Amino acid sequence: MADLKKITLYQTGSRRASSNSYVVFAQAESESYCFEMGIRSVTTTEAQWEQICQAYRGAMTAYTPSDVKPLTFEIDEIK
């Protein structure tokens, strides 16, 4: 299992930064939410891709913004 401290990226100005410690943000500091996931295409089966797509569709259906902050998902293929 990956350590979230090592895979967390956050946007700061026009660049992305990583951290070796946990990053904490107050909800008021966030203007939007973006979840990015890289999927290795060589080792990912068709069934796994379908599960990823179902999870994405379910998350977007379940997301009801309580404020004006947009939520986006980016699923990128890693070759």
message = Test of understanding: what is the full-extension gain from Ala26 to Lys79, defined as 0.36 nm times their sequence separation minus their Cα-Cα distance?
response = 15.6 nm
ask   = At Ala47 and Thr64, where each label point lies 7 Å from the Cα along Cα→Cβ, what is the point-to-point distance in nanometres?
value = 3.4
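Read-outs: derived from the displayed coordinates by stated rules, not from any lab. Here the structure is a predicted model, which is why all the values come from computation and not from measurement. Don't worry about glycine lacking a Cβ; one is built from the backbone with ideal geometry, like all the others, and counts go over all protein chains shown.
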